1. Going residue by residue through segment 173-181, is there one that turns out to be over 17 Å from the mean Cα position of the chain (by Cα) and within 25 Å of Arg52 (Cβ to Cβ)?
2. Can you run down the residue pairs with Cβ atoms below 6 Å, 6 or more apart or on separate chains, where the first is in segment 92-106 and closer than 15 Å to Met51 by Cα and the partner is in a loop (DSSP other than H, G, I, E, B)?
3. On the given criteria, is Arg89 at pLDDT 95 or above, in contact with a strand residue (DSSP E or B) (Cβ under 9 Å, 6 or more places away or on another chain), closer than 30 Å to Ile143 by Cα and open to solvent by 40 Å² or more (accessible area, probe 1.4 Å)?
4. Working carefully through the options Gly110, Gly81, Gly95, Gly118, find the one that is more than 16 Å from the chain's Cα centre (by Cα) and at positive phi.
5. Could you list all residues from segment 39-61 that are touching a helix residue (DSSP H, G or I) at 6+ places or on another chain (Cβ under 7 Å) and either among the aromatic types (Phe, Trp, Tyr) or open to solvent by less than 30 Å² (accessible area, probe 1.4 Å) (or both)?
6. State all residues of segment 105-134 that are in a strand (DSSP E or B) and touching an Asp or Glu at 6+ places or on another chain (Cβ under 6 Å); if no residue qualifies, say none.
7. Output the residue which, of all residues in segment 93-144 that are among the acidic types (Asp, Glu), over 15 Å from Ser83 (Cα atoms) and touching a strand residue (DSSP E or B) at 6+ places or on another chain (Cβ under 6 Å), is surrounded by the fewest Cβ atoms within 10 Å (Cβ to Cβ).
8. Here's a check for you: in segment 182-225, which residue that is within 17 Å of the chain's Cα centre (by Cα) and among the polar types (S, T, N, Q) is most open to solvent (accessible area, probe 1.4 Å)?
Amino acid sequence: MTDVSASHTGRTISVDPRLHEYALAHSTQPDAVQRALIDATNRAAAEHAGMRISHDEGTLLTLVTQLTGARFAVEVGTFTGYSALCIARGLPDDGRLVCCDVSEEWTSIGREYWQQAGVADRIEVRIAPALDTLRALPDEPTIDLAFIDADKESYVAYWEELVPRMRPGGVLLVDNTLWHGKVADAEPDELTRVIREFNDHAAADDRVDLVLLTLSDGVTMARRR
């Protein structure tokens, strides 16, 4: 992979909280169902609510799903179902989203809101270790869109199961790849090193073209060649 010198990185903007709030205010806002699911997550999983994706990231998921014309999507890590709701809304009526998670307790929270949004019939939750679910999928490249947001230590393993199954032109998104900004630390902690190892692995993968977006906590977006 070619090194990019500072002179070729282009201009960047440091997003302070004030600018961040401005950007959020000028993005599509959560509707009533999405807000209700956010509130339900905050009530039922207050200590873990930070695991839910931000609403601007949710909007990105819906837009990318629509723009790619995705019909078959896979999600690794569903939590209370906000990201699944966003992806499913971007699918056509006969589209399908397979959600990989190990918690019936958390995923069950989202079911009511998927129903309210009219997308429950597009979503299939498989409660099992995600690697088992991914390895049970057809080996052929049939996935149009994939989203990884689960245990960070397994990111490389999830990536390696998904990339060969992505159709040419399919899009894979990965959450938390800036990890609260810690990936640039001179002396990263163990979990940050795991994220950095994944980022290096993905960036060196010649099967995809990718960009690491400074949205939310960092979102890697890759297109299968």
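The values are calculated or read from the model by the stated rules, or taken from the named source; none is laboratory data. Remember, it's a predicted structure, so these values are computed and weren't measured experimentally. Every residue, glycine among them, receives a Cβ derived from its backbone with ideal geometry; neighbour counts consider all protein chains shown. To get the accessible areas, we keep the full protein, side chains included, count just its heavy atoms, and leave off ligands, DNA and RNA. Shrake-Rupley method; radii C 1.70, N 1.55, O 1.52, S 1.80 Å.
1. Checked segment 173-181: at least one residue is over 17 Å from the mean Cα position of the chain (by Cα) and within 25 Å of Arg52 (Cβ to Cβ).
2. Final answer for the pair search is Asp101/Thr78; Trp106/Phe79; Trp106/Thr80.
3. Taking the combined requirement at face value, the residue does not satisfy it.
4. Gly118
5. Ala40, Thr41, Ala45, Ala49, Ile53, Asp56, Gly58, Leu61
6. Within segment 105-134, Ile127 is the sole residue that qualifies.
7. This residue is Glu104.
8. Applying the filter and picking the extreme gives Thr214.
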